Amino acid sequence: MDAPERTTPDRTPVQRLVGALRPRASRGQLLGGLLCGVLGFALVVQVQQTQGAELDSLRESDLIRILDDVSERTERLESEAARLSATREELLTSSNAAQAAQEAAQERVDVLAILAGTAPATGPGVRLTISDADARLGAAVLLDAVQELRDAGAEAISVDDVRVVASTAFVDTAEGITVDGQLVDSPYVFLAIGDPQTMSTALDIPGGVLRTVRQREGIASAEELDEVVVDALRVPSEPEYARPAEPETPAP
Amino acid sequence: MIAGIGLVVGIVLGLLLQPTVPPALQPYLPIAVVAALDAVFGGLRAVLDGIFDDRVFVVSFLSNVVVAGLVVYLGDQLGVGAQLSTGVVVVLGIRIFSNAAAIRRHVFKA
């Protein structure tokens with residue numbers, strides 16, 4: 001400040017300040033007051049501008065940076081959204097696949113239950129009745145009958161009250177014929193589910209079961225039925241040694 | 001005294017009128033305000049030093065504002081507006097601090 005000395009040097013700064021505060025209506029004082037007024041005005045305006053507007057007061061470069069930030073963020077969010085919807089698709093398809101697999105498994109369980117004789121079965125079939133009052137027929141004849149029925153496509157067979165499955169055995173004993181250890185009496189009633197015509201034809205062929213029984217003076221008859229109910233059940237025995245092996249490829 | 005009254009009147013006017021800054025002036029107003037603040041602190045220090053002069057105050061005030069605005073304008077034209085504004089604010093801030101320190105020494109003797 002190259003201003004000339006205008007105040008006496010013996011006054012303290014505080015006294016000078018008080019002196020300056022004394023209003024003197026000189027042109028310079030008024031101009032200074034005006035400038036201070038402009039400063040206060042501009043200060044307040046700028047503060048309000050800064051508080052009010054966030055974007056309009058920014059420079060071009062700042063705006064570009066903000067725009068870049070926003071687009072980058074948009075891209076990030078879009079890729080995240082794509083990733084999440086892909087995951088969702090995946091989960092939906094896998095749950096569908098799991099349901100389909102469960103349905104397929106249930107179908108197989110039903111089929112296997114009929115094969116294993118653990119579930120009752122119904123459908124068209126034949127009833128084969130073999131009467132042998134004089135006990136001239138052996139277990140072999142009954143086994144032949146079962147084989148004939150199987151050859152003709154029987155899907156579920158029972159003899160009297162015994163379900164015939166893969167392990168069923170016909171044994172001649174002193175008391176009579178046992179099927180899986182259970183004594184059966186004449187007349188032996190076979191119930192078989194399958195194509196009725198095929199089965200009755202197969203039973204009736206020359207050298208077939210019916211002819212064989214009649215040759216030995218027994219009475220045998222087969223009738224085709226629209227509905228046969230095989231409700232004799234076999235209790236599955238828990239395998240003592242065999243365990244299910246892990247399949248090499250998982251079931252679908 | 002008149003300067004203090006002027007400051008108060010300006011603040012009140014700004015609060016009452018709530019004008020919007022024209023877009024052309026927007027980059028320069030903040031710098032101009034900081035430059036004017038520097039001039040005001042310089043003037044206050046001059047008062048305490050006993051060398052205050054109305055004419056010097058007016059000229060330094062106006063020249064501060066104009067030069068600050070010019071520097072920012074030039075920076076904008078050169079493509080370094082943001083950096084130059086920061087530089088101007090830093091320099092003016094340093095000056096304001098040194099003036100405030102001188103004022104403090106006068107008033108509190110410390």
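The values are calculated or read from the model by the stated rules, or taken from the named source; none is laboratory data. Computed from a predicted structure; not experimentally measured. When we count neighbours, we look across all protein chains shown, and the Cβ atoms used for this are built from the backbone with ideal geometry, even at glycine.
Just a few scattered comments:
- Condition check for B:Asp54: of a type in the set (D, E, K, R) and within 30 Å of B:Gly75 (Cα to Cα): no
- Single match in A:Asp195, A:Asp204 (criterion: surrounded by 14 or more Cβ atoms within 10 Å (Cβ to Cβ), of a type in the set (D, E, K, R) and in contact with a helix residue (DSSP H, G or I) (Cβ under 7 Å, 6 or more places away or on another chain)): A:Asp204
- A:Ser167 modelled with pLDDT under 85 and either within 21 Å of A:Ser237 (Cβ to Cβ) or outside any loop (DSSP other than H, G, I, E, B) (or both): yes
- Qualifying positions in the stretch A:46-61 - part of a helix (DSSP H, G or I) and either more than 7 Å from chain B (Cβ to nearest Cβ) or modelled with pLDDT of 85 or more (or both): A:Val47, A:Thr50, A:Gln51, A:Gly52, A:Glu60
- Tabulated pairs, the stretch A:55-84, first under 23 Å from B:Tyr28 (Cα atoms), second small (Gly, Ala, Ser) and surrounded by 10 or more Cβ atoms within 10 Å (Cβ to Cβ), C-beta under 8 angstrom, 6+ apart or interchain: A:Arg59/B:Gly81; A:Arg59/B:Ala82; A:Ser61/B:Gly81; A:Ser61/B:Ala82; A:Asp62/B:Ala82
- For the criterion of being within 14 Å of another protein chain (Cβ to nearest Cβ) and surrounded by 10 or more Cβ atoms within 10 Å (Cβ to Cβ), A:Leu92 fails.
- Of everything in the stretch B:57-74 that is free of Cβ contacts under 8 Å to residues at least 24 places away in the same chain and surrounded by fewer than 19 Cβ atoms within 10 Å (Cβ to Cβ), the residue that is farthest from A:Val38 (Cα to Cα) is B:Leu74.
- When B:Leu7, B:Leu92, B:Leu78 are screened for being surrounded by fewer than 19 Cβ atoms within 10 Å (Cβ to Cβ) and not basic (Lys, Arg), only B:Leu78 passes.
- In the set B:Pro19, B:Pro23, only one residue is of a type outside the set (Gly, Ala, Ser), at the interface with chain A (Cβ under 7 Å from one of its Cβ atoms), surrounded by fewer than 16 Cβ atoms within 10 Å (Cβ to Cβ) and free of Cβ contacts under 8 Å to residues at least 40 places away in the same chain; that residue is B:Pro19.
- Of the residues making up the stretch B:40-74, those that are over 11 Å from the mean Cα position of the chain (by Cα) and facing chain A (nearest Cβ under 7 Å) are B:Ala46, B:Val47, B:Leu48, B:Gly50, B:Ile51, B:Phe52, B:Asp53, B:Asp54, B:Arg55, B:Val56, B:Phe57, B:Val58.
- Lone qualifier among A:Glu227, A:Glu246, A:Glu217 - being charged (D, E, K, R), surrounded by fewer than 21 Cβ atoms within 10 Å (Cβ to Cβ) and within 18 Å of A:Asp132 (Cβ to Cβ): A:Glu217
- Against the conditions (1) more than 15 Å from A:Val45 (Cβ to Cβ); (2) at pLDDT 80 or above; (3) facing chain A (nearest Cβ under 7 Å); (4) under 15 Å from the mean Cα position of the chain (by Cα), B:Ala3 satisfies every one except (2).
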